[in-house]
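Student: A single structure is presented below for examination.
Rule-based calculations on the coordinates, nothing more; no lab input. A quick note: this is a predicted structure, and the numbers were derived from the prediction, not measured. For neighbour counting, all protein chains shown are included, and Cβ atoms are generated from backbone atoms with ideal geometry for every residue, glycine included.
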Amino acid sequence: MRLLLSGAMMMALLAGCDRQSGPSGQANATQAASGEATGGEATGNANAAADGDEIYRIDRSKAGAPAPDFPFSGPGGQKTLQDFAGRPLLVNLWATWCAPCIAEMPTLDRVAESHAKDGLAVLTISQDSQGAKLVEPFFAKHKLPHLEAWTDAENEFGFHYATGLLPTTVLYGSDGKEVARVIGAMDWEGEEAQALIAELL
């Protein structure tokens, strides 16, 4: 079911956040989505600015690459993606200052709930440089009961994936190999997102 969003929230979805620039830097996601697609990239709804939907790019050029082993922190201490071995993974990089990232979070929470029975692990890993100092209050304020407050204050995931844009979401099969990545904001309850998730399960 598609979310009903306010005008301000919809505008937030139409912009991606420039990861390197931090809170003051925002990239135009229309440019990212309408760029020439090569090497396994597929553009998702390049006309989104006109029809009011989200703007994103699906990149399959890294399909088959193994999951990195960087540590990230959360309520249960440090983990790596290898701690979730044997499970399909949806790894979402976001930040508290990134409006499109925040807009995605409720849909990711519902995906985590609806696919828990399938073993899908939805990991929202913050790229905030202040880590838990910002992320824990965010989770305390927002109702996201099926997500955990994971942090990567060193931005190792962001630099590894090197998309330059938040949100970035990378999907891994239960074999630990990358299936695809979504660069920009996507409706994770939409048909295309659900098709991507189905590939993992």
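Student: Please order Phe70, Phe157 by the number of other Cβ within 10 Å, starting at the fewest. List each step's numbers first, then the result.
Tutor: Values: Phe70 15, Phe157 21.
Ordered by Cβ neighbours within 10 Å, fewest first: Phe70, Phe157.
Student: Turning to a different aspect of this structure: Could you tell me the distance between the Cα centroids of segment 155-201 and segment 73-97, to the nearest Å?
Tutor: 13
Student: For segment 65-166, what is the number of Lys pairs with C-alpha distance below 22 angstrom, counting only pairs 8 or more positions apart or on separate chains?
Tutor: Values: Lys79/Lys117; Lys79/Lys133; Lys117/Lys143; Lys133/Lys141; Lys133/Lys143.
Eligible lysine pairs with Cα atoms under 22 Å apart amount to 5.
Student: Going 7 Å from the Cα of Phe159 toward and past its Cβ, which residues in segment 58-84 have a backbone nitrogen under 15 Å from where you end up?
Tutor: Only 69-72 fall inside the zone, counting backbone N under 15 Å.
Student: Applying the Karplus parametrisation 6.51 cos²θ - 1.76 cosθ + 1.60 with θ = phi - 60° to the phi angles of segment 57-72, what ³J(HN,Hα) value in whole Hz is obtained for each residue in order, glycine and proline being reported as x?
Tutor: Whole-Hz 3J(HN,Hα) from phi for segment 57-72: 9, 9, 10, 10, 5, 9, 4, x, 5, x, 5, x, 10, 5, x, 9.
Student: Separation between the Gln194 and Glu113 pseudo-spin-labels, each 7 Å from Cα along Cα→Cβ, expressed in nm?
Tutor: Here the answer is 1.6 nm between the modelled labels.
Student: Order these by the 10 Å Cβ neighbour count, fewest first: Val179, Val135. Write out the running numbers ahead of the final one.
Tutor: Numbers: Val179 21, Val135 25.
Fewest-to-most Cβ neighbours within 10 Å comes out as Val179, Val135.
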